[in-house]
Amino acid sequence: MRRVPRAVLALAACLPGVAAGLTLLLCARGVQSPVVLPRPAAPRSAPPYQAPQPPIRPRSAWLDATVRRTQPPPRYDDAVVAVFVHHTDSPNDYTCATTPEVIRRLYAGQTTGRHWDDIGYNFLVDRCGTIYEGRAGGIERAVTGAHAQGFNHRTAGIAAIGTFTAGIPVPRAMTDAIAALTAWKLGLAGVDPRAGTRLVSSNGRSRYPVGAVAALPAVSGHDAGFPTSCPGAALTAKLPDIRNTAARLQGRR
């Protein structure tokens, strides 16, 4: 039997067939060259410690025709790595059924009285633990707020509706809701609520000069970044519990 020359075998390998693309590659490199296929990209995994999103009432729950107006598009940061807790310094004698009216008054005070383009807080929480969306832009996104002068970037402002100076009881439902909101919001960026973070001051009227890097708790009171009595001594005293509860809700030990 006559032996088939190697050149003929190599040519046969280059004929179209089921694996035409693969054989053409072999012909280009030589019949003895191995084919190395690229590895598929590994899927991006979510941060390991996340908490579920708590119920949040949208802006439509408190906006009405008397306060709807044109406003500039929202601004965004890359992530939320810290939370500032505030109190609204408003009366505590409201009922939870009237919370939307209270928020409308806060909105009017900030947009009309201070000429802001929107309410400054990203979220507001009432005495019954109901969470409301504040500033427009999307609850899941890193919306740049107007709640902590010098540190609005990469932070979220959570306002407890009421006044919580020394001796004023802070409702447990309110602090539990703040903790749940904090656990979810910081969890999106993988941030431990008990940890510290580093923020860059954008305004010299804060406690830090413009451009200074401030080492702050990931869950801070407003007074940590700005000379103010907000969020009040009573609510400030609850911050350690809020941090620990938020960490536990993220599944941290």
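No lab work stands behind these numbers, since they all come straight from the coordinates. Everything numeric in this text was worked out from a predicted model, so none of it was measured. Counting neighbours? That spans all protein chains shown, and the Cβs are built from the backbone with ideal geometry, glycine included.
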Quick check: convex hull over the Cα atoms of region 130-253, volume per residue in Å³, rounded to an integer? 102
Sorted by average packing, counted as other Cβ atoms within 10 angstrom per residue and highest first, what order do 241-251, 98-108 take? 241-251, 98-108
The value for region 210-253 (convex hull of the alpha-carbon atoms, volume per residue, Å³) is 80
